[in-house]
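One structure is given below, encoded as structure tokens.
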Amino acid sequence: MPRKTLQPKGLFNSRPWGFSQVVMSPPGTIVHIAGQVPWDESQTCNAEGREAQFRQALKQVFVALEAAGGTPDDIQVLRFFIPNFQSGPEADMIARVLVDTFGDENPPASSWIGVQALAQPEYLIEVEAMAIVPT
């Protein structure tokens, strides 16, 4: 379900950072996508470096969403779990990838969460999503 986004007065303009402050959508099928990491079908890490892993994890979110009948436009919210997250340059990289992927006009909402560790030490980011697919 294509999302409608709002930029309320009193909140900073988050769109240049690749996310929206508020996302709304009409009724549809809610799809929750488990945290995706850069692991392929054979359980092999298929990207190195945080940016490459982020791009790969987003691609895997899209594969999962497609299996549920959705498209990237149906994503309402993303959550990123990032071990040893460094504010500043890493935040700039996250924003750049989001703008590259979703643009800066109508991106999904997102939360960027620094964590101690992920399930495997080679994982540098995990991406979880919620989408609403038209019924």
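The values are calculated or read from the model by the stated rules, or taken from the named source; none is laboratory data. A quick note: this is a predicted structure, and the numbers were derived from the prediction, not measured. Methodologically, a virtual Cβ is constructed for each residue, glycine included, from the backbone with ideal geometry; neighbour enumeration extends over all protein chains shown.
Starting from residues that are of a type outside the set (A, V, I, L, M, F, W, C) and surrounded by fewer than 20 Cβ atoms within 10 Å (Cβ to Cβ), keep the ones in region 124-135 and report whichever is nearest to Q21 (Cα to Cα).
Taking region 124-135 as the starting set, the residues that turn out to be of a type outside the set (A, V, I, L, M, F, W, C) are 126, 128, 134-135.
From what is left, the residues that are surrounded by fewer than 20 Cβ atoms within 10 Å (Cβ to Cβ) are 128, 134-135.
Details: E128: 17, P134: 22, T135: 25 Å.
For region 124-135, the residue satisfying everything is E128.
In region 55-91, how many residues are among the aromatic types (F, W, Y), under 26 Å from I30 (Cα atoms) and out of contact with any Leu (no Cβ under 8 Å at 6 or more places or on another chain)?
To start, the set of residues in region 55-91 that are among the aromatic types (F, W, Y) comprises 62, 80-81, 85.
Those still in the list that are under 26 Å from I30 (Cα atoms) too: 62, 80-81.
Narrowing the set further to residues that are out of contact with any Leu (no Cβ under 8 Å at 6 or more places or on another chain) leaves 62, 80.
The number of residues fulfilling the criteria is 2.
Every residue, every condition in (1) over 17 Å from D74 (Cα atoms); (2) in contact (Cβ under 8 Å) with a residue 60 or more places away in the chain; (3) over 10 Å from the mean Cα position of the chain (by Cα), yes or no:
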{"site": "D92", "(1), (2), (3)": "yes, no, yes"}
{"site": "F102", "(1), (2), (3)": "no, yes, no"}
{"site": "P108", "(1), (2), (3)": "no, yes, no"}
{"site": "W112", "(1), (2), (3)": "yes, no, no"}
{"site": "Q116", "(1), (2), (3)": "yes, no, yes"}
{"site": "V127", "(1), (2), (3)": "no, yes, no"}
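Hey, does region 59-72 have a residue that's more than 12 Å from the chain's Cα centre (by Cα), over 24 Å from A117 (Cβ atoms) and at pLDDT 95 or above?
The answer is yes; a qualifying residue exists.
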